[in-house]
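Comments concern the structure below.
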Amino acid sequence: MREIEIDEFADAWAAGAPVVDVREPWEYRNAHVPGAQLLPLGQLGDRETEIPAGAVVYVICASGNRSVQGARILTTAGRPAVSVAEGTSGWAAAGRPLDNGEGGSCPTADRPAPAPVSTKMFLSDRQGDRG
């Protein structure tokens with residue numbers, strides 16, 4: 001099983017290589033590599049036929065730990081697979097694009113998150129409704 005760094009993965013991703021995200025659905029919804037297919041690690045062995053055949057599969061998680069396990073599962077099943085070192089965290093830290101699961105982009109180092117909404121305003125509005 002092979003592991004690659006973010007820059008090498010970025011080249012493969014840009015060329016359209018298949019990417020499988022083995023995190024949990026809630027993690028994927030928060031932020032993922034655009035175009036990555038969600039197949040949680042616990043389901044990967046049963047669902048590996050859902051991955052397009054033929055090309056090397058790039059397996060990613062949050063930090064690179066689960067992706068190593070996922071790449072081993074796929075390799076054992078006869079699929080060429082590599083793990084992405086540093087995972088989605090490394091991808092984001094390198095300033096690469098992220099998707100939030102709704103087709104929108106996520107904050108990165110050069111695109112910070114919007115300011116949090118104050119709940120104080122909502123609480124005072126609700127108290128005024130009681131009168």
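Quick notes on this one:
- Shape analysis of the stretch 1-58 yields a ratio of the Cα radius of gyration to the Kirkwood radius, Rg/Rh, of 0.95.
- At an R0 of 25 angstrom, the distance between the Cβ atoms of R29 and A55 translates into a FRET efficiency of 0.45.
- Placing W26, W13, W91 in order of accessible area, with the largest value first and a 1.4 Å probe, yields W26, W13, W91.
- Spin-label model, A15 to N100: label points 7 Å out along the Cα-to-beta-carbon direction sit 3.3 nm apart.
- Estimated at 0.36 nm per residue, the fully extended path between N65 and A93 surpasses their Cα-Cα distance by 8.4 nm.
- Distance (nanometres) between label positions extended 7 Å along Cα→Cβ at T76 and D7: 3.4
The values are calculated or read from the model by the stated rules, or taken from the named source; none is laboratory data. Everything quoted here is computed from the prediction, not taken from an experiment. Using ideal geometry, Cβ is built from the backbone for each residue, glycine included, and neighbour counts are taken over all protein chains shown. What goes into the accessible areas is simple: the full protein's heavy atoms, side chains included, and nothing from ligands, DNA or RNA. Shrake-Rupley method; radii C 1.70, N 1.55, O 1.52, S 1.80 Å.
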